[in-house]
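Okay, structure first, notes after.
The values are calculated or read from the model by the stated rules, or taken from the named source; none is laboratory data. Bear in mind that the values here come from a model prediction, so they are computed numbers and not experimental data. With ideal geometry, Cβ positions are generated from the backbone for all residues, glycine too; neighbour counts draw on all protein chains shown. Quick note on the areas: whole protein, heavy atoms, side chains included, nothing else; ligands and nucleic acids left out. Shrake-Rupley method; radii C 1.70, N 1.55, O 1.52, S 1.80 Å.
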Amino acid sequence: MIEIAALMLCKLGGKAGSADDIKAVLEAAGQEANDDAITKLTGDMDGKEIDELLAAGMEKMKDVPMGGGGGGGGGGGGGGAAAEEKEEEKEEEEEEADLGGGMDMFGGGDGGD
């Protein structure tokens, strides 16, 4: 796969996409060039234009179902319950805060003497 990506980068850069071009791109990216894969790719691409191959591939892809369509939406009807929960939380916080002032963390009211 990285060989194909390197070939595409060569073509985008205006290069011919020869084995040496592909190898140079891979080495510049810090990858180890696989000579067998590069030779096979350049052999497969011999006499073919990348633009024509991409166009043919896109033509084939148009019949492939993509995306899911449905399944989104929903989830919009629960707004009132959320507001009620916030009100309940505020009431609970107020109750917790009003502890009478005489208790410490461990339940004693004498201040630790």
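Quick notes on this structure:
- Restricting the stretch 12-54 to trypsin sites (Lys or Arg not before Pro) that sit in a DSSP loop and have at most 15 other Cβ atoms within 10 Å of their own Cβ leaves Lys15, Lys48.
- Rounded accessible area of Leu53 (nearest 10 Å², 1.4 Å probe): 70
- The stretch 1-53, accessible surface, carbon-and-sulfur percent (1.4 angstrom probe): 52
- Taking all protein chains together and a 1.4 Å probe, the residues Val25, Val64 rank Val64, Val25 from largest to smallest accessible area.
- Cross-link pairs Lys15/Lys48; Lys11/Lys40; Lys11/Lys62 - those with Cα-Cα distance over 20 Å: Lys11/Lys62
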